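> Questions regarding the structure given below will be posed in turn.
The values are calculated or read from the model by the stated rules, or taken from the named source; none is laboratory data. Computed from a prediction, not measured in an experiment: that's the story for all the values here. Quick reminder, even Gly has a Cβ in these numbers, built from the backbone with ideal geometry, and neighbours come from all protein chains shown. We work out accessible area using only protein heavy atoms, side chains counted, and drop any ligands, DNA or RNA first. Shrake-Rupley method; radii C 1.70, N 1.55, O 1.52, S 1.80 Å.
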Amino acid sequence: MAERLLVRALRGGKSTKIVTLNGKKITKMPSTLEKLPGLKTLDLRNNLIPKVCPEISTLTQLTALNLGNNLLEEVPEEMKYLTSLKKLHLFGNRIHRFASGACDGLKNLILLNLNNNLLTWIPEEVSRLKSLTCLSINHNQLASIPRQLCFLENLSELQLNYNQLICIPEEIKFLKMLQKLLLVRNNIDVLPEGFCDLRNLRILDIAGNIIQIFPPGFQDLKLREFYCEGNPLFLKQPVSAVKQEEVWNLQEITSRFIMNQLAEKNPFLMQAIAWYPQVRNIISRGRKCTMCGKSFLTTWLECVEFVPPSKNWKISRNLQLVPLRILICSYKCFSQRGPNLFGIAQV
């Protein structure tokens, strides 16, 4: 059947625009494709092809190539010759690397689908895909993404679900056209401050990570859809002062001053504290705020507040059952610690 379809396509010669050989159990890409220089669309998905043939480099008018669900082990070098290519599907293979130069000639590529492969890294050369608007690398083994990916100024959709990402580069702020970002089921614990510069972002899914806190200004994003279930988000719970030492009293004020001064290595206090063992005993029970890093003795509440997220956000269905509040750390704390952070809480 495959041979018959190919023969029919070859008879058309330069006038043949589309070749579809989907699910034909092909084990080798036909080298006779070089006789179809006018080909626009080539569909070879659901076969058993382990590598592309060199002759594919002659298909300079090809705009769509689908090699999904085959046996490829790399993004082929031959791709660089397909200078008219706009859509490239390589999902469901065994790809674990990019061949050298594979991205060089893909200046017109707008969609790259690498879902369900074995990639552990993305080369810096991905920044050469200047026209790319949609990049999907779901279900791989990525531990990080290169900062160069964030310089794809036309990228509007980025899907990185089900990987092993632990962080997002600060340079993500340069993806000014990004509208849809999917980061489901990774190991991300915090989003960078520059994340809030994504003013065109409309859909964000961070479900199933380990995020507790978010960067400042997050509540001002113009999101339409936001999904965050499966994260250990902070809960807003009432604080009751049932013991005298839980009240912010003179001892608390004095202890905070001494602990923060000692942290700054105040020479006078460092010398004087040696003469007061009772004071040393009290401040030894001190802790540090996880938000701003300042020392306190009992309860610390000053550097956070809860505010509601935008009413325009469509949120996870299971979070609609309770009102949400956003926990924000004050800018003063941010200037002393670094990232200004907040968590989203169920009240």
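> Given the structure, is ILE26 touching a Lys or Arg at 6+ places or on another chain (Cβ under 9 Å) and either modelled with pLDDT of 95 or more or not in a strand (DSSP E or B) (or both)?
no
Each row is one residue, and each column tells you yes or no for (1) farther than 15 Å from ILE137 by Cβ; (2) modelled with pLDDT under 95; (3) over 12 Å from the mean Cα position of the chain (by Cα).
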{"position": "SER156", "(1), (2), (3)": "yes, no, yes"}
{"position": "GLN159", "(1), (2), (3)": "no, no, no"}
{"position": "ASN163", "(1), (2), (3)": "no, no, no"}
{"position": "GLU171", "(1), (2), (3)": "yes, no, no"}
{"position": "LYS176", "(1), (2), (3)": "yes, no, yes"}
{"position": "LEU182", "(1), (2), (3)": "no, no, no"}
{"position": "ASN186", "(1), (2), (3)": "no, no, no"}
{"position": "GLY194", "(1), (2), (3)": "yes, yes, yes"}
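> Follow-up. Between LEU106, LEU165, LEU158, which is free of Cβ contacts under 8 Å to residues at least 40 places away in the same chain, open to solvent by less than 20 Å² (accessible area, probe 1.4 Å), out of contact with any strand residue (DSSP E or B) (no Cβ under 6 Å at 6 or more places or on another chain) and farther than 21 Å from LEU62 by Cβ?
Just a single option satisfies the conditions, and that option is LEU165.
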